[in-house]
Amino acid sequence: MNAPITPAEVSRASLVHERLARALNDAVTGQQRVVRHLLSAFLSGGHVLLEDYPGTGKTTLAKALARAVGVEFQRIQFTPDLLPTDLLGASIYNQRSQDFVIHKGPIFTNILLADEINRASPRTQSALLEAMGEGQVSLEGQQFALTPPYFVIATQNPIEFHGTYPLPEAQMDRFALRLALGYVSIEDEISIITRDPSRTFAEHAAPVVGKAEVLAFQAAAAHVTISAELARYLVSLVAATRQLPALELGASPRASIALLKCAQALALFDGLDFVTPDLIQELAPLVLCHRLAVRAEARFAGASAATCVAELLDTLPVPR
């Protein structure tokens, strides 16, 4: 059993969140809630899919996070002709030494921005599965461990746009959260076009946290407690998606793990050393909806993944 987290650890973790949130909110205006959820995944060891229309700030947010953290960063622009070897690397023959040398691809980093991931073929998309699920890469018969923290933040435009490929279910299940920025208010958009660029978190700005602080936060989050009753509620919520008649695919146990880890991170954001029901309910739609497949007949009747999760949140009794 994990030792309880100390008040000093809660305070240090909250400070890490505050510095990161301030930097990201300087870069993207009017997206405080999205920033909160993005950081809950990053600081708990998960991955994030940002899905929204072009021009809403998806890439800006991803780049701002990379600048705010003092770790290695790689950006890959996904295109239809991108190959798995362009991500993973390849073994290349060295004529001077007369042997094959492995050249590692951009997947070997700490923060990976997979920009417009749904523009690449499913074969290329699946090259990320092992890295996201197991923190390692198999290349030329060898396994290479990725250096923590390892975070994939992928962006995509809605799949009904031309020239895109829907992400397979196994790929979607690797993302802890799916987030959408949406359009900001009129006031926020005025602020975006009139603000002084020198007051934003600029390209040359120094990182606000380091690798050691990120890893320390992840370690502290694992010690945030959850009561037995609340743990049963969390698992029951996820398991109920497998029983709904409207769904042909429910959420996996990986969803339960992601929901707990992100809730533990949110607890530290709020200065708590324990998970509350409100945190689970706040995160449940973001963790579950992209993992669910709605039956065709239910979809024609107006059902969606979001309505199914909302129904479960309304009907399942919440421990108090």
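Could you please give the count of residues in region 234-245 that are surrounded by fewer than 18 Cβ atoms within 10 Å (Cβ to Cβ) and assigned to a helix (DSSP H, G or I)?
We begin by selecting, within region 234-245, every residue surrounded by fewer than 18 Cβ atoms within 10 Å (Cβ to Cβ); these are 235-236, 239, 242-243, 245.
Cutting the leftovers down to assigned to a helix (DSSP H, G or I) gives us 235-236, 239.
Within region 234-245, residues that are surrounded by fewer than 18 Cβ atoms within 10 Å (Cβ to Cβ) and assigned to a helix (DSSP H, G or I) number 3.
If we scan region 98-110, do we find a residue that is assigned to a helix (DSSP H, G or I) and either β-branched (V, I, T) or within 19 Å of the chain's Cα centre (by Cα) (or both)? Before you say what the answer is, go through the steps one by one.
Of all residues in region 98-110, those assigned to a helix (DSSP H, G or I) come to none.
So far as region 98-110 goes, no, none of its residues is assigned to a helix (DSSP H, G or I) and either β-branched (V, I, T) or within 19 Å of the chain's Cα centre (by Cα) (or both).
Please enumerate the residues belonging to region 148-190 that are assigned to a helix (DSSP H, G or I) and farther than 12 Å from Q125 by Cβ.
Answer for region 148-190, where residues must be assigned to a helix (DSSP H, G or I) and farther than 12 Å from Q125 by Cβ: D173, I186, E187, D188, E189, I190.
In this structure, does A127 turn out to be in contact with a Pro (Cβ under 6 Å, 6 or more places away or on another chain) and aliphatic (A, V, I, L, M)? Outline the logic, then answer.
Details: in contact with a Pro (Cβ under 6 Å, 6 or more places away or on another chain): yes; aliphatic (A, V, I, L, M): yes.
When the stated conditions are applied, A127 passes them.
Within region 100-118, track down each residue that is closer than 21 Å to D81 by Cα and among the hydrophobic types (A, V, I, L, M, F, W, C).
I107, F108, L112, L113, A114, I117
Within region 6-49, which residues are among the acidic types (D, E) and without any contact (Cβ under 8 Å) to a residue 12 or more places away in the chain?
Just the residues of region 6-49 that are among the acidic types (D, E), to begin with: 9, 18, 26.
Within region 6-49, E18 is the sole residue that qualifies.
In region 24-81, which residue that is in a helix (DSSP H, G or I) and of a type in the set (S, T, N, Q) is surrounded by the most Cβ atoms within 10 Å (Cβ to Cβ)? Write out each step before concluding.
Let us first name the residues in region 24-81 that are in a helix (DSSP H, G or I), namely 24-27, 32-42, 58-68.
Now narrow it down to the ones that are of a type in the set (S, T, N, Q): 25, 32, 40, 59-60.
Values: N25: 17, Q32: 11, S40: 28, T59: 18, T60: 16.
The extreme case among them is S40.
Which pairs turn up if I take residues in region 87-116 that are among the acidic types (D, E) and look for partners that are in a strand (DSSP E or B) with beta carbon separation below 7 Å, at least 6 apart in sequence or on another chain?
Going by the 7 Å Cβ cut-off, the qualifying pairs are D115/R75; D115/I76; D115/Q77; D115/T155; E116/Q77; E116/T155; E116/Q156.
None of the figures in this text is laboratory data; all of them are computed from the coordinates on show. Remember, predicted model here, so these are calculated numbers, not experimental data. Note that each Cβ is placed from the backbone with ideal geometry, even for glycine, and that neighbours are counted across all protein chains shown.
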